Amino acid sequence: MNVTTGVMAEAFRRAMEDLVALLPRLALATLLVSIIVLLGALMVRLVKRVLEVVGVDEAARGVLEKYGVPVKPSRIIEALIELGVAILAVYAAVSVVSPSLLPAVDSMVELLGKLLSAGVVLAAAIMAVSYMVEGMGMERGVRGFARLLLLLISLALVIDLTNLSPELKRNLTWGLGLGIGLAIGVFTAWYFFGER
């Protein structure tokens, strides 16, 4: 019983020593994060005022209403600044408290960047397909092909984000590329040489 109590007391003492040693780092990390958040908030307000003076939202209103885009350009810019400030705050806190975790943070930021870039590409592709389908008065078959092409390109982006082995990822991407090429070839043959 005394041995168990002694071991628990020693473990508790070491944990308290580690916590006391970590307190200055936590205080410094909190101070850094607070400064970064404050500067980020000031930067967002400044950019918001500049965008209001320039009139970015008013200039893009016609295009956004035409394609039914629910997000204003100024809000996208503000969100990107806020995201950058948040990433900077995380890096500052981790580098002060536990620098050994920086590679893990790098991996998370890289994955976040891939997700954002895939989302932007998909949104642009969807807008382009919507423009072609509605603006050009396409036939039903052409609309279906455009949606199929968009699906295949989306699958290629999803494969790029997955944590598969490089060889499997390369083979899947090659297969999707072949599928896209065949789909374009078959559609072209049907569209130009099929019976009307």
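Just a yes or no: is a residue in segment 90-103 touching a helix residue (DSSP H, G or I) at 6+ places or on another chain (Cβ under 8 Å), aromatic (Phe, Trp, Tyr), assigned by TED's automatic domain parsing to the domain that holds Thr30 and without any contact (Cβ under 8 Å) to a residue 60 or more places away in the chain? Yes; the residues of segment 90-103 include at least one that is touching a helix residue (DSSP H, G or I) at 6+ places or on another chain (Cβ under 8 Å), aromatic (Phe, Trp, Tyr), assigned by TED's automatic domain parsing to the domain that holds Thr30 and without any contact (Cβ under 8 Å) to a residue 60 or more places away in the chain.
Let me confirm something: among Arg14, Arg25, Arg61, Arg75, which residue is surrounded by fewer than 12 Cβ atoms within 10 Å (Cβ to Cβ) and of a type in the set (Lys, Arg)? Answer to the selection: Arg14. For the structure I just gave you, tell me whether Asp106 is under 30 Å from Asp160 (Cα atoms) and either acidic (Asp, Glu) or in the same structural domain as Leu150 (by TED's automatic domain parsing) (or both). Considered against the rule, which asks whether it is under 30 Å from Asp160 (Cα atoms) and either acidic (Asp, Glu) or in the same structural domain as Leu150 (by TED's automatic domain parsing) (or both), Asp106 comes out as yes.
The values are calculated or read from the model by the stated rules, or taken from the named source; none is laboratory data. What you see is a predicted model; the values in this text were computed from it and never measured. For neighbour counting, all protein chains shown are included, and Cβ atoms are generated from backbone atoms with ideal geometry for every residue, glycine included.
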